[in-house]
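Step one of this worksheet: look at the structure below.
Please treat every number below as a calculation from the coordinates, not as lab data. In this text the structure is predicted, and so the values were computed from the model without any measurement. Positions of Cβ are generated from backbone atoms using ideal geometry, with glycine treated the same way; all protein chains shown enter the neighbour counts.
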Amino acid sequence: MTARLAREQKLDRGWDMPADTDSFGHRQPAAIDAERALLGAALLNPNVINEVGTKVAAEDFYITKHGDVYAAMMELMRKRDPVDIVTVRNQLGDHPSVDSTFLADLLNATPAVQHVQSYVNRIKNASRRRAIINAAGEISQVAFAEPDSVSAEEEAKQILLRALDKDRSAQRILTPKDQAALLVAMFEERAKGEEPALKTGYPALDGATNGGLRGGELVVIGATTSVGKSSYAENVAENIAKDGNQVLYFNLEMSDRRMMERFAKRTHKMSTSAFMAGPTHAKDVAALGEIAAERSEMPLTLISNGMATTSFIWALTAQHVMRFGAVQLVVVDYLQLLKDKQTKSGSEVLRIAQMTASLKALAMEYDCPVLLVSQLNRDAARRTGEPELHDLRDSGAIEQDADICMFLWRDDDDQTHIKIAKQRDGPILELPIYFDGATFTFTEPKSHAG
């Protein structure tokens, strides 16, 4: 008899017997009584499987044979066969530890069918805790086996993220009734002026994008060097944060000091001399206090990491959501500086494609827009005139994954323009905008800003 089978037979004698312990005496989280009760409820009432089929998976069960029984029930449901002792036993075939007596015990010992949701909650709670424990073990093994600390950290983040995000996608299932309720809620919000689009601080841009940026969108800002793409992303991020929205800004290029100096210049509160020699006059000292207070109240978190990868961005976003709640905007500045590993084929185009797909998935997962800054290729820099979609550097997948593609460019008169070159749900158009390079500030002409 295997140790596993002996343990399970011991556990079968009572619903609340302790689960396995590790070398420190810690017990694995398990809800064995709830597992038995849920299976028994499904045998009593076949509709139970229809109700819980999207909420619990066979691997969520601690006892292996409980998971096997549940998997058999799910397969019967898929085939539209009845779920009862006879059909489940036949579906399991020559299972070594499940017979008709075992199934009858489950059926006879079920406390109450109406408590199914409680059983589900307990099973899922224990399953998630075990997932975290298992992730900790995997991370320990990686730390011992991987000689490179950077690679070890990246793999550890991915392992933990998979454990923490277990079953998140199940929350996105919408029944027809759910869809109808969402449809009504959407238009009621619009009638009340509560449309969930994020206002960018640029009215003309908001008007061109049907109200602003929306959850699930990947929004690309492309430009050649020195046109101001990072400054524009900073302006938008700060405008959105000033409205009380949680913003994560992943800065892959500039120092923290440089970012703060640019912000201070955008406020227009300190004199030019203060930026050179420090605030020596009372007016500048007071202005510095105002600027610091403004920044401290702004819910914009700055993550500066020149070695960041998309997995790092996923992990930090998940951590932020767990600590502070929903995030409304993620900014990545910029795509070509991400350090995701090269693909086996060695293709830079494929590497970029995988990164943009990952960032689009992040936007969908956390229901927030991701603002992605991207470099344009060298041909766009050498050529006069406005950029085109094919100018996006390294990959057409950027265009494919993006919901909105915007380009910043300057004409021969040094006038800056924003070109919306792609928009899934809106027009293709161009908007003039002013850029003050001394203060890193973008403003719309009054005729367009309204």
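For the reader, a short list of remarks on this structure follows.
- Cross-link pairs exceeding 22 Å between alpha carbons, from the set Lys199/Lys360; Lys341/Lys419; Lys55/Lys177: Lys341/Lys419.
- Each listed q (0.10, 0.12, 0.13, 0.15 Å⁻¹) maps to a log10 I(q)/I(0) for the stretch 195-449 from the Debye sum over equal C-alpha point scatterers, namely -0.49, -0.71, -0.83, -1.11.
- Helical content alone sets the calculated 222 nm signal of the chain at -15500 deg cm²/dmol, taking -39,500 (n - 2.57) per DSSP H segment of four or more residues and averaging over every residue.
- Computed about the Cα centre, the dipole magnitude for the stretch 195-449 is approximately 620 debye when only Lys and Arg (+1) and Asp and Glu (-1) carry charge, each at its Cβ.
- Neighbour counts of other Cβ atoms within 10 Å put His66, His390 in the fewest-to-most order His390, His66.
- Springs between Cα atoms under 10 Å define the GNM used for the chain, and in it the highest mean-square fluctuation of Lys199, Lys341, Lys360 occurs at Lys341.
- Where labels lie 7 Å past Cα in the beta-carbon direction, separation of Arg129 and Asp340 in nm: 3.6 nm
- Full-extension gain in nm, Asp436 to Gln28, via 0.36 nm per residue minus C-alpha separation: 140.9 nm
- Bridgeable aspartates and glutamates around Lys339 (alpha carbons under 17 Å apart, same-chain partners fewer than 8 residues away excluded): Asp148, Glu153, Glu154, Glu155, Glu253, Glu348, Asp394.
- Gaussian network model of the chain, springs between alpha carbon atoms under 10 Å - residue of Leu389, Leu182, Leu252 with greatest fluctuation: Leu182
- Mean Cα-pair separation over length for the chain, i.e. relative contact order, pairs under 8 Å, 6 or more apart, %: 15 percent
- Here the stretch 240-287 is treated as a Stokes sphere of Kirkwood radius computed over C-alpha pairs; at 20 °C and 1.002 mPa s its diffusion coefficient rounds to 171 µm²/s.
- Modelled spin labels at Ala326 and Lys283, positioned 7 Å past Cα toward Cβ, are 4.4 nm from each other.
- On Cα atoms only, tilt of 116-145 relative to the major axis of the chain in degrees: 70 degrees
- For the residue pairs Lys192/Lys229; Lys229/Lys422; Lys65/Lys157, the C-alpha atoms sit more than 24 angstrom apart in Lys192/Lys229; Lys65/Lys157.
- In the chain, a dipole from Cβ-located charges (positive for Lys and Arg, negative for Asp and Glu) runs towards its positive end, and of Pro96, Ala233, Asn47 it is Pro96 whose Cα lies farthest in that direction.
- Between helix 282-297 and the chain: long-axis angle, C-alpha atoms, 0 to 90°, nearest 10: 30 degrees
- Each of (i) 0.95; (ii) 1.08; (iii) 1.03 is a candidate for Rg/Rh (Cα atoms, Kirkwood Rh); the one calculated from this structure is (ii).
- Highest GNM mean-square fluctuation among Leu359, Leu218, Leu376, for the chain modelled with Cα contacts below 10 Å: Leu376.
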